[in-house]
1. What is the extension gain from residue 101 to residue 52, computed as 0.36 nm multiplied by their sequence separation minus the C-alpha to C-alpha distance, in nm to one decimal?
2. If I take R0 = 30 Å and measure r between the Cβ atoms of residue 122 and residue 30 in this structure, what FRET efficiency does the formula 1/(1 + (r/R0)^6) give, to the nearest 0.05?
3. Give the order of 106, 30, 89, 60 when sorted by the count of other beta carbons within 10 angstrom, beginning with the fewest.
4. I'd like to compare 48-59, 71-82: which one has the highest average count of other Cβ atoms within 10 Å, and what's the full order after that?
5. By how many nm would the segment from residue 16 to residue 94 lengthen if fully extended, with 0.36 nm per residue of separation less the alpha-carbon distance?
6. Taking the alpha-carbon set of the stretch 68-126, what are its Rg and Dmax in Å?
7. I need 46, 98 ordered by Cβ neighbour count within 10 Å, fewest first.
8. Find the percent of Cα-Cα distances in the stretch 3-124 that exceed 22 Å, and round it to a whole number.
Amino acid sequence: MDSHFEGLFAAAGAVADAALEDLREVWKLYQSLPSDTGAVGMELVKEICNPRGDSPAACYRIMMLQMLNRVTGSLTRWLREGKFDDAVYRVAAIFPVKWMEPGHIYNEFPFDAEEFRKQVDDVSGR
């Protein structure tokens, strides 16, 4: 496993904010991969992100968007041709999210999913 990726889920507390463009690029990367692709190495993610950005945070935040949309389908109204509306990325870049702890079973998202959708609604003007 990529040494940068190993520490991704070992972190504790709040996930750092991510650059808007990094989120778009990571989303585009994930969408370009076959559905049976396993983990994406952090070296690849770092190549597409701004060198001064927080690529683990961008990667994690995109994984949370994927999880939210796959489990609830609640982001589909902001999904067009495989890309989210700008409002989703803008909120996802700075929305409070906690790192998930390895070995812990979660019954809810590591962020307030309802508040996230509300803020996307507000930003998108819908």
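1. Taking 0.36 nm per residue and subtracting the Cα distance, the gain is 15.1 nm.
2. Calculated transfer efficiency: 0.70.
3. Sorted ascending by nearby Cβ count, the order is 106, 30, 60, 89.
4. Per-residue Cβ counts within 10 Å, averaged per peptide and sorted highest first, yield 48-59, 71-82.
5. Working: separation 78, 0.36 × 78 = 28.08 nm, distance 0.79 nm.
Gain on extension, residue 16 to residue 94, equals 27.3 nm.
6. Reported Rg and Dmax, both Å: 12.3, 39.
7. Sorted ascending by nearby Cβ count, the order is 98, 46.
8. For the stretch 3-124, the share of Cα pairs beyond 22 Å comes to 30 percent.
Every number here is computed from the coordinates shown, using simple stated rules; none is lab data. Note that the coordinates shown come from a computational prediction; the quantities given were computed from them, not determined experimentally. Please note: Cβ atoms are built from the backbone with ideal geometry, for glycine as well, and neighbour counts cover all protein chains shown.
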